[in-house]
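Step one of this worksheet: look at the structure below.
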Amino acid sequence: MPDVFLPMKRLLYLLIFILFLGSCSEYQKVVREDDVAAKYKMAEELYKEGRYKKALRLFEQIVPQYRGKPQAERIMYYYADTYYQLEDYYLSGYQFDRFTKSYPRSDKKEEAAFKGARSYYFLSPRSSLDQEETTQAIEKLQTYINAYPESENLKEANAMVAELREKKEKKAYEVAKQYHHRRDYKVAISAFDNYLVDYPGSIFREKVLYYKLESEYLLAIGSYESLVKERLETAQGFYSNYKKYYKEGEYTQKAEEIAEDIKVRLEQIN
């Protein structure tokens, strides 16, 4: 049986296609012309519809034209948020920073500050890479937390800070451990010492204390005879420090095996 509604469906699709072409041609017309007010009107409409790429093209054209005018605050927020919605976090972070500095009394200041800080959070690379942007993200988020301690975004902001700090801790731990694996034990011990100062409550603290002990132990047994005793005694002290905090830790058995060998070697020397 033939579909009696088929001609009507085709007509409907044709009308939709014509409307689409009309809207596209209208957009191109506004883009090409010099009517700033028309660009502003269409940019705001497109932004509210979630058509951010098209909105951005118009905002880029009108932002310089409205600088210093009453509409500038509204446009600058939309402009920054358009980058944010498009996940261009370099530019959204930068534009939200400009917004909060330019409009310190704006009703949108807190929202802009949070989205700006969140933009920097998204720019933080994986832990194996340089963590300069992670440090910057922590600073931005901490500034937001300090400025808005009662914010509804506080829980999320604190969670992001905790995640970023753990990422930095992991990077620093991996750098120190690399020295250990390369058998550069003196540098490894120094790196582990610095780590404990910088991150006293780190989740990697047990690993650091153990590898610091192992580094000193391996350094001692590979040293000139005149240095062995002193370094074994230093390693023995590192073991005592590890055991003080981790009586039944992940590395306790390995640490005890090292401690037993240190004891035997010192007895032989004495």
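Just so you know, the Cα atoms of the stretch 166-269 work out to an Rg and Dmax of 13.5, 44 Å.
Take the Cα of GLU139, step 7 Å along the line toward its Cβ, and report every residue of the stretch 69-93 whose backbone nitrogen sits under 20 Å from that point. Inside the label zone: 89-93.
Can you sort ASP97, ASP184 by solvent-accessible area, 1.4 Å probe, largest first? Each step should come with its number before you reach the end.
Working: ASP97 30, ASP184 65 Å².
Descending order: ASP184, ASP97.
Run the numbers for GLN253 and LYS29: contour at 0.36 nm per residue of separation, minus the present Cα-Cα distance, in nm. Numbers along the way, then the final one.
On the way: separation 224, 0.36 × 224 = 80.64 nm, distance 7.54 nm.
So the extension gain works out to 73.1 nm.
Spin-label model, ILE221 to LYS48: label points 7 Å out along the Cα-to-beta-carbon direction sit 7.5 nm apart.
The angle between the Cα long axis of helix 6-32 and the longest principal axis of the Cα atoms of the chain comes to about 80 degrees, rounded to the nearest 10.
Calculated on the alpha-carbon coordinates, the convex hull of the stretch 138-194 measures out at 69 cubic angstrom per residue. Note on TYR246/ALA147: beta-carbon distance plugged into 1/(1 + (r/R0)^6) with R0 of 22 Å gives a FRET efficiency of 0.05. Treating each Cα of the stretch 13-145 as an identical point scatterer and summing with the Debye formula, the log10 of I(q)/I(0) at q = 0.13, 0.15, 0.16, 0.17 Å⁻¹ comes to -0.62, -0.76, -0.83, -0.89.
Could you tell me how many degrees, from 0 to 90 and to the nearest 10, lie between the Cα long axis of helix 252-269 and the main elongation axis, the longest principal axis, of the Cα atoms of the chain? The helix 252-269 is inclined about 30 degrees to the chain. Label-to-label distance for ASP130 and GLU156 is 3.0 nm, based on points extended 7 Å past Cα in the beta-carbon direction. For the chain, the relative contact order works out to 8 percent when only alpha carbon pairs closer than 8 Å and six or more residues apart are counted.
Site pair GLU174 and LEU123 shows an inter-label distance of 2.1 nm when each label is modelled 7 Å from Cα along Cα→Cβ.
Taking trypsin sites (Lys or Arg not before Pro) across the stretch 165-226, the ones in a DSSP loop with at most 16 further Cβ atoms lying within 10 angstrom of their Cβ are ARG182, ARG183. Here the accessible area of the stretch 166-269 is 46 percent carbon and sulfur, with a 1.4 angstrom probe and all protein chains present.
Once fully extended, how much extra length lies between GLU163 and GLU267, figured as 0.36 nm per residue of separation less the alpha-carbon to alpha-carbon distance? Could the numbers behind the result be given before it?
On the way: separation 104, 0.36 × 104 = 37.44 nm, distance 4.68 nm.
Answer, rounded to one decimal: 32.8 nm.
Over 21 Å apart at the Cα level, from the set LYS140/LYS167; LYS168/LYS207; LYS54/LYS140; LYS41/LYS69, are LYS54/LYS140. Computed with the Debye formula from one identical point scatterer per Cα of the chain, without solvent, the log10 of I(q)/I(0) at q = 0.09, 0.14 Å⁻¹ comes to -0.66, -0.98.
The values are calculated or read from the model by the stated rules, or taken from the named source; none is laboratory data. Everything numeric here is computed off the predicted structure, so don't read it as measured data. Quick reminder, even Gly has a Cβ in these numbers, built from the backbone with ideal geometry, and neighbours come from all protein chains shown. Remember, those area values only see protein heavy atoms, side chains included, never the ligands or the DNA or RNA. Shrake-Rupley method; radii C 1.70, N 1.55, O 1.52, S 1.80 Å.
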